[in-house]
1. Any idea how many residues of the stretch 282-321 are in a loop (DSSP other than H, G, I, E, B) and either without any contact (Cβ under 8 Å) to a residue 60 or more places away in the chain or touching a strand residue (DSSP E or B) at 6+ places or on another chain (Cβ under 6 Å) (or both)?
2. Quick check, is Ala156 in a loop (DSSP other than H, G, I, E, B) and either under 24 Å from Glu19 (Cβ atoms) or aromatic (Phe, Trp, Tyr) (or both)?
3. Does Ile252 satisfy the criteria of being at pLDDT 85 or above, closer than 24 Å to Lys92 by Cα, of a type in the set (Val, Ile, Thr) and touching a helix residue (DSSP H, G or I) at 6+ places or on another chain (Cβ under 7 Å)?
4. For residues in the stretch 1-49 being polar (S, T, N, Q) and either open to solvent by less than 10 Å² (accessible area, probe 1.4 Å) or modelled with pLDDT of 80 or more (or both), which is farthest from Ser292 (Cα to Cα)?
5. Across the stretch 301-317, which residue is surrounded by the fewest Cβ atoms within 10 Å (Cβ to Cβ) among those that are among the hydrophobic types (A, V, I, L, M, F, W, C) and in contact with a Ser or Thr (Cβ under 9 Å, 6 or more places away or on another chain)?
6. Let me confirm something: among Glu299, Glu286, which residue is in contact with a helix residue (DSSP H, G or I) (Cβ under 6 Å, 6 or more places away or on another chain) and among the acidic types (Asp, Glu)?
7. If we keep just the residues of the stretch 377-408 that are among the polar types (S, T, N, Q) and open to solvent by 10 Å² or more (accessible area, probe 1.4 Å), which is nearest to the chain's Cα centre (by Cα)?
8. Mind listing just one residue for me: the one in the stretch 78-101 that is open to solvent by less than 10 Å² (accessible area, probe 1.4 Å) and of a type outside the set (D, E, K, R) and, of those, modelled with the lowest pLDDT?
Amino acid sequence: MASNATAQLNPQPPRIVDESVTKKVALAALVGTALEWYDFFLFTTAAALVFNTQYFVSQDPFIAAMSSFATLAVGFVARPIGGFIFGALGDKIGRKKILMVTIVGIGVVTGLIGVLPNYMSIGAAAPAILVALRILQGLAVGGEWSGAVIIAVENAPVAKRARYAALPQIGSPIGTILSSGGFFGMLALVGQSNFDAWGWRIPFVAALPLLAISLWIRSKLSESPEFEALMEAGETEHAPIRGVLTKSWRQILVGMCSALLGIGGFYLITSFVVFYGTKVLKMPSEVLLAGSLLAAVVEIFFLIWAGRMGEKYGASKVILWGGVASAIIAVPVFLAIDSRNPVLVVLGMMIGVAVLSIPYAVSGTALTALFATKVRYTGVAITSNTAGVISGFVPLIATALVAANNSFWPGAIILLVVSVLTALSGLFLPALSIEEEGMKH
């Protein structure tokens, strides 16, 4: 476990938890993260399907795709900066206030992307503005997921934190279902030519009414009782960034690896595979979108199951064995995708996402257990978003390697490496986590 000095930073007096409040907070966190990932996955899917032709015009489809995925990566680069900013504010003024700010930033930017003129209309200004909007979105996302998971965990009974920490994770597949379903539905409704011309914009604009609903639900969030106790005692951290970087750098490194598969692996199986399937394998985009959609549905059940396993056996064990399982299926999944058989392609995507979601389900539990309450928002935000930076470059790297040898192997090898790193992190998490009664590692 952690040193005595680390444990002393996080005193945990006995407290009575009203689980009805816990459920309401977890639901509000789930709704917010669903909108967050809906907006973020819209951009991810659009980067694979339309941005390479709407905003990055090139005779070489690989160059256009790499430019589009580079814009995707820019958003991930902005995320740690947002993590520093919003994480520190969350540790100073409260979780709930920051979560209201971040969700507005994400929703408004997504709506603006939906009405942004393309390259043919305003020339080079179009991709420049798109990049700027992506940066703003990345900044807001940098404080969103970490705050949602933390407020759910800190409102939960200690022994059931893995269960409630898994609920905000379900926002990821819900966001995928809404975004992929939105694109899939528009494609079926208006046809390929109209979809490429204007139909892709509708799901982006739809983020604005969804934002209004999310704001109403999130306004009912209860502030974390642990943070309120720190405020009342006057023990909030005045320099959380410095404290985390100087005292918890090992926790950051191991936490990054534990989150890498759930983030980077997901973008590999969804965003990269959509590009690889449509541009290299010449498959209909409807098949790849259907694969993303069905994979997200399966992911929901695996997240719930893995969250219960984390509650029963400990987050570190679930991360370890989830990483091992993902490493085992890495090559078979990409062999199925490379077969060009629609059934095998969809099945491969479903299996890949389902298995990598096992460690993702408990990553919130693992990360919150690495940091003391007074620096938790900052620590989790920096850790998860730095992992996000690496993950944001995964589709770009895979695309570049595929362009060089026109094979599925780069994708399989990247998934294998990421899986092994996540599995190894499961071995180190218990020793680096804070001591907390009732928390299994």
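The values are calculated or read from the model by the stated rules, or taken from the named source; none is laboratory data. Note that the coordinates shown come from a computational prediction; the quantities given were computed from them, not determined experimentally. All Cβ positions, even for glycine, are placed from backbone atoms using ideal geometry, and neighbour counts span all protein chains on display. We work out accessible area using only protein heavy atoms, side chains counted, and drop any ligands, DNA or RNA first. Shrake-Rupley method; radii C 1.70, N 1.55, O 1.52, S 1.80 Å.
1. Step one: filter the stretch 282-321 for residues in a loop (DSSP other than H, G, I, E, B), giving 282-284, 314.
Keeping just the survivors that are either without any contact (Cβ under 8 Å) to a residue 60 or more places away in the chain or touching a strand residue (DSSP E or B) at 6+ places or on another chain (Cβ under 6 Å) (or both) gives 282, 284.
Number of matching residues: 2.
2. On the way: in a loop (DSSP other than H, G, I, E, B): yes; either under 24 Å from Glu19 (Cβ atoms) or aromatic (Phe, Trp, Tyr) (or both): yes.
It is true that Ala156 is in a loop (DSSP other than H, G, I, E, B) and either under 24 Å from Glu19 (Cβ atoms) or aromatic (Phe, Trp, Tyr) (or both).
3. Values: at pLDDT 85 or above: yes; closer than 24 Å to Lys92 by Cα: yes; of a type in the set (Val, Ile, Thr): yes; touching a helix residue (DSSP H, G or I) at 6+ places or on another chain (Cβ under 7 Å): yes.
When the stated conditions are applied, Ile252 passes them.
4. Here is the first cut: in the stretch 1-49, the residues polar (S, T, N, Q) are 3-4, 6, 8, 10, 12, 20, 22, 33, 44-45.
Within this subset, residues satisfying the condition of being either open to solvent by less than 10 Å² (accessible area, probe 1.4 Å) or modelled with pLDDT of 80 or more (or both) are 10, 22, 33, 44.
Values: Asn10: 41, Thr22: 31, Thr33: 18, Thr44: 12 Å.
Here the answer is Asn10.
5. First pass over the stretch 301-317, keeping only residues among the hydrophobic types (A, V, I, L, M, F, W, C): 301-306, 309, 315.
Okay, now just the ones that are also in contact with a Ser or Thr (Cβ under 9 Å, 6 or more places away or on another chain), so 302-303, 306, 315.
Working: Phe302: 19, Leu303: 25, Ala306: 26, Ala315: 33.
Among those that are among the hydrophobic types (A, V, I, L, M, F, W, C) and in contact with a Ser or Thr (Cβ under 9 Å, 6 or more places away or on another chain), it is Phe302.
6. Numbers: Glu286 fails: in contact with a helix residue (DSSP H, G or I) (Cβ under 6 Å, 6 or more places away or on another chain).
Of the residues listed, the single one that is in contact with a helix residue (DSSP H, G or I) (Cβ under 6 Å, 6 or more places away or on another chain) and among the acidic types (Asp, Glu) is Glu299.
7. The first filter runs over the stretch 377-408 and keeps only residues among the polar types (S, T, N, Q), leaving 378, 383-386, 391, 399, 405-407.
Restricting the remaining residues to those that are open to solvent by 10 Å² or more (accessible area, probe 1.4 Å) gives 386, 405-407.
Numbers: Thr386: 12, Asn405: 29, Asn406: 28, Ser407: 27 Å.
Residue satisfying both the conditions and the ranking: Thr386.
8. Quick first cut of the stretch 78-101, residues open to solvent by less than 10 Å² (accessible area, probe 1.4 Å) only: 78-79, 82-83, 87, 90-91, 94-95, 98-99.
So of that shortlist, the ones also of a type outside the set (D, E, K, R) come out as 78, 82-83, 87, 90, 94, 98-99.
Numbers: Ala78: 86, Gly82: 90, Gly83: 88, Gly87: 89, Gly90: 87, Gly94: 83, Ile98: 89, Leu99: 86.
The extreme case among them is Gly94.
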